Amino acid sequence: MCQWSQTPCEMSDSEDDDIPQLSSHTLAALQEFYAEQKQTINPGGDDKYNVGVIEENWQLSQFWYSQDTALRLAQEAINAVGEGGRIACVSAPSVYQKLRELRREDISVYIFEYDRRFAIYGDEFIFYDYNNPLDLPEGVAPHSFDIVVADPPYLSEECLRKTSETIQFLTQGKILLCTGAIMEEQAAQLLGVKVCKFIPEHSRNLANEFRCYTNYDSGLDCET
């Protein structure tokens, strides 16, 4: 055992030297990374409504709209409901975020989403699994929204059919659907919607062509 009066005690310093030490540059980079991760998981203030602040999870088939598309769809929803209107965003978080970023206090907006990361939006977040289309909280009354903006996560007849059940339960009438062009016939049969001239774009280029569909005369039929 090492004694205080003997020089072998100095070995403790050499042993410390053997422990890997991070350079100041590496440590700073690591701290910055952790700060970014914390911000991504729990963004605060107005930043939490930025489209893309919560990263896409491809395993959940998440592909966010471009800023221009999110804005166009948000403005369309606002125009469709008017002052005091209620908007449901079903599997369409980019539209919800843009609506809240616009700071419209005269409308109510709720996000129906499977990904619980969006629970940062508090009471406006409603957990939603399209596999159980009518499994919604008791506080969500039928036909309680002026418009439903929906983007089913998968391009399949099953997903569209089940999501359509949710849409029809929630809406008082108006529907704004975004899905693949290949789903046009099924969308018309299930929801009575027609394709619009406006073509939505995503922040990442997707192989499948996407389109917007409505069951009312919308501004999305304008060329500009």
task: Considering only the stretch 143-152, state which residues are surrounded by 18 or more Cβ atoms within 10 Å (Cβ to Cβ) and either touching a Leu at 6+ places or on another chain (Cβ under 7 Å) or more than 16 Å from TYR65 (Cβ to Cβ) (or both).
output: PHE145, ASP146, ILE147, VAL148, VAL149, ALA150, PRO152
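Yes/no matrix, rows are residues, columns are (1) at pLDDT 95 or above; (2) part of a loop (DSSP other than H, G, I, E, B); (3) touching a strand residue (DSSP E or B) at 6+ places or on another chain (Cβ under 8 Å); (4) open to solvent by 50 Å² or more (accessible area, probe 1.4 Å):
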position: ILE175; (1), (2), (3), (4): yes, no, yes, no
position: CYS178; (1), (2), (3), (4): yes, no, yes, no
position: ALA187; (1), (2), (3), (4): yes, no, yes, no
position: LEU190; (1), (2), (3), (4): yes, no, no, yes
position: ASN205; (1), (2), (3), (4): no, yes, no, yes
position: CYS212; (1), (2), (3), (4): yes, no, yes, no
message: Cβ-Cβ under 7 Å, sequence separation 6+ or interchain: first residue in the stretch 90-103 and more than 11 Å from ALA70 (Cα to Cα) and open to solvent by 10 Å² or more (accessible area, probe 1.4 Å), partner modelled with pLDDT under 90 and assigned to a helix (DSSP H, G or I). Which pairs?
response: ARG100/TYR49
task: Name the one entry in ILE54, ILE78 that is open to solvent by less than 20 Å² (accessible area, probe 1.4 Å) and modelled with pLDDT of 95 or more.
output: ILE78
task: Please tell me if GLU138 is closer than 29 Å to ASP217 by Cβ, without any contact (Cβ under 8 Å) to a residue 40 or more places away in the chain and of a type in the set (D, E, K, R).
output: no
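Based on this model, can you work out whether GLU158 counts as surrounded by fewer than 19 Cβ atoms within 10 Å (Cβ to Cβ), farther than 20 Å from ARG86 by Cβ and touching a residue at least 12 places away in the same chain (Cβ under 8 Å)? Before you say what the answer is, go through the steps one by one.
Working: surrounded by fewer than 19 Cβ atoms within 10 Å (Cβ to Cβ): yes; farther than 20 Å from ARG86 by Cβ: yes; touching a residue at least 12 places away in the same chain (Cβ under 8 Å): no.
Here the answer is no, as GLU158 does not meet what is asked.
Looking at the stretch 128-152 only, could you name the residues that are within 22 Å of LYS98 (Cα to Cα) and hydrophobic (A, V, I, L, M, F, W, C)? Before you say what the answer is, go through the steps one by one.
Just the residues of the stretch 128-152 that are within 22 Å of LYS98 (Cα to Cα), to begin with: 128, 144-152.
Selection gives PHE145, ILE147, VAL148, VAL149, ALA150.
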- request: Scan the stretch 140-169 residue by residue and report those that are of a type in the set (Asp, Glu) and over 19 Å from the mean Cα position of the chain (by Cα).
  value: ASP146, GLU157, GLU158, GLU165
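The values are calculated or read from the model by the stated rules, or taken from the named source; none is laboratory data. Everything numeric in this text was worked out from a predicted model, so none of it was measured. A quick note on method: Cβ atoms are made from the backbone with ideal geometry, for glycine too, and the neighbour counts reach across all protein chains shown. Ligands, DNA and RNA are excluded from the accessible area calculation, which covers all protein heavy atoms including side chains. Shrake-Rupley method; radii C 1.70, N 1.55, O 1.52, S 1.80 Å.
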